[in-house]
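*Asks:* Provided herewith is a single structure, encoded as structure tokens, for subsequent inquiry.
The values are calculated or read from the model by the stated rules, or taken from the named source; none is laboratory data. Please read these numbers as outputs of a predicted model, since none were measured by experiment. Glycine gets a Cβ as well: all are built from the backbone with ideal geometry, and neighbour counts include every protein chain shown. Accessible surface is based on the protein model in full, side chains and every heavy atom, while ligands, DNA and RNA are left aside. Shrake-Rupley method; radii C 1.70, N 1.55, O 1.52, S 1.80 Å.
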Amino acid sequence: MPVLRTVKDYIRTIVDFPHEGILFRDVTTLFADPRGFRMAIDQMLHPYAGEQIDKVVGLEARGFILGGAIAHQLSLGFVPIRKKGKLPGAVISEEYQLEYGEAIVEIHDDAIQPGEKILLVDDLLATGGTAQAGIRLIERLGGEIMGCAFIVDLPELGGRQKLEAMGMDVHVL
């Protein structure tokens with residue numbers, strides 16, 4: 001069995017999923033391994049150690065796994081940003097473009113207080129559409145985003161450049 005030394009070593013690639021020609025980066029193998037998962041969480045939060053952060057926000061769905069673990073490690077609260085219709089109670093919504101069509105994400109309207117400092121997390125940064133929508137929701141509630149942390153970046157899809165153009169600090173493993 002090979003020695004796994006980096007987060008990338010724990011991530012498997014599945015060819016032609018969900019469509020032909022796609023190389024799917026599957027982080028479930030990373031999550032399943034205690035050393036790999038710990039390494040990813042530690043590396044995702046490392047740049048923000050010593051920073052004042054009030055809450056961690058995770059994007060549906062794998063961002064919940066990462067965000068919950070990071071929030072626990074930092075002794076902070078966790079806030080989910082979910083697909084439309086999944087949160088009970090009063091929410092605000094943000095529409096964004098997908099490759100083919102559009103989607104809507106939501107956050108509880110009282111999840112973030114004005115001036116709170118937020119770390120946004122998800123597993124993968126592709127086109128940046130979901131992250132941009134999440135950023136807009138957080139900012140509409142008055143949150144200040146301290147950084148955006150991801151495990152995987154697909155640079156050819158341009159998401160990082162879009163987030164950086166919004167003034168975001170982007171950290172990718």
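*Asks:* With GLY89, GLY58 as the choices, which residue is modelled with pLDDT of 95 or more and within 14 Å of ILE138 (Cβ to Cβ)? Lay out the reasoning, then the answer.
*Replies:* Details: GLY89 fails: within 14 Å of ILE138 (Cβ to Cβ).
Just one listed residue meets the conditions, GLY58.
*Asks:* How many residues are assigned to a helix (DSSP H, G or I) and open to solvent by less than 60 Å² (accessible area, probe 1.4 Å) when one looks only at the range 1-35? Don't jump to the end; show me each part of the working.
*Replies:* Applying the first criterion (assigned to a helix (DSSP H, G or I)) to the range 1-35 yields 7-10, 28-32, 34-35.
Now restrict to residues that are open to solvent by less than 60 Å² (accessible area, probe 1.4 Å): 7, 10, 29-31.
Going through the range 1-35 one residue at a time, the tally reaches 5.
*Asks:* If the Cβ limit is 7 Å and pairs must be 6+ apart or interchain, which residue in the range 4-27 that is closer than 20 Å to LEU66 by Cβ pairs with which residue that is open to solvent by 70 Å² or more (accessible area, probe 1.4 Å) and of a type in the set (Lys, Arg)?
*Replies:* ILE11/ARG25; THR13/ARG25; ASP26/ARG12; VAL27/ARG62
*Asks:* Let me confirm something: among VAL56, VAL105, VAL121, VAL91, which residue is among the aliphatic types (A, V, I, L, M) and out of contact with any helix residue (DSSP H, G or I) (no Cβ under 8 Å at 6 or more places or on another chain)? Show your work before the answer.
*Replies:* Working: VAL56 fails: out of contact with any helix residue (DSSP H, G or I) (no Cβ under 8 Å at 6 or more places or on another chain); VAL105 fails: out of contact with any helix residue (DSSP H, G or I) (no Cβ under 8 Å at 6 or more places or on another chain); VAL121 fails: out of contact with any helix residue (DSSP H, G or I) (no Cβ under 8 Å at 6 or more places or on another chain).
Being among the aliphatic types (A, V, I, L, M) and out of contact with any helix residue (DSSP H, G or I) (no Cβ under 8 Å at 6 or more places or on another chain) holds for just one of VAL56, VAL105, VAL121, VAL91, which is VAL91.
*Asks:* Right, here's the next one. Can you tell me which condition GLN97 does not meet? The list is (1) in a helix (DSSP H, G or I); (2) touching a residue at least 24 places away in the same chain (Cβ under 8 Å); (3) open to solvent by 50 Å² or more (accessible area, probe 1.4 Å); (4) not basic (Lys, Arg), and all the others hold.
*Replies:* Among (1) in a helix (DSSP H, G or I); (2) touching a residue at least 24 places away in the same chain (Cβ under 8 Å); (3) open to solvent by 50 Å² or more (accessible area, probe 1.4 Å); (4) not basic (Lys, Arg), the lone unmet condition for GLN97 is (1).
*Asks:* Would you mention how many residues in the range 106-131 are farther than 17 Å from ILE53 by Cα, of a type outside the set (Asp, Glu) and open to solvent by 40 Å² or more (accessible area, probe 1.4 Å)?
*Replies:* Residues that pass the stated criteria total 4.
*Asks:* Moving on. Scan the range 65-72 and give yes if some residue there is assigned to a strand (DSSP E or B) and touching a helix residue (DSSP H, G or I) at 6+ places or on another chain (Cβ under 7 Å), otherwise no. Give the derivation first.
*Replies:* Taking the range 65-72 and keeping what is assigned to a strand (DSSP E or B), we get none.
For the range 65-72, residues assigned to a strand (DSSP E or B) and touching a helix residue (DSSP H, G or I) at 6+ places or on another chain (Cβ under 7 Å): absent.
*Asks:* Could you look through the range 74-91, keep only residues that are aliphatic (A, V, I, L, M), farther than 30 Å from ALA49 by Cβ and not in a strand (DSSP E or B), and pick out the one that is most open to solvent (accessible area, probe 1.4 Å)? Quick ask: steps written out before the conclusion?
*Replies:* Going residue by residue through the range 74-91, those that are aliphatic (A, V, I, L, M) are 74, 76, 79, 81, 87, 90-91.
Narrowing further to those that are farther than 30 Å from ALA49 by Cβ: 87, 90-91.
With the extra rule that they be not in a strand (DSSP E or B), the set shrinks to 87, 90.
Working: LEU87: 26, ALA90: 58 Å².
Top of the filtered list is ALA90.
*Asks:* Does the range 36-73 hold any residues that are among the aliphatic types (A, V, I, L, M), within 17 Å of ILE135 (Cα to Cα) and open to solvent by 10 Å² or more (accessible area, probe 1.4 Å), and which are they?
*Replies:* Scanning the range 36-73 gives ILE53, ALA61.
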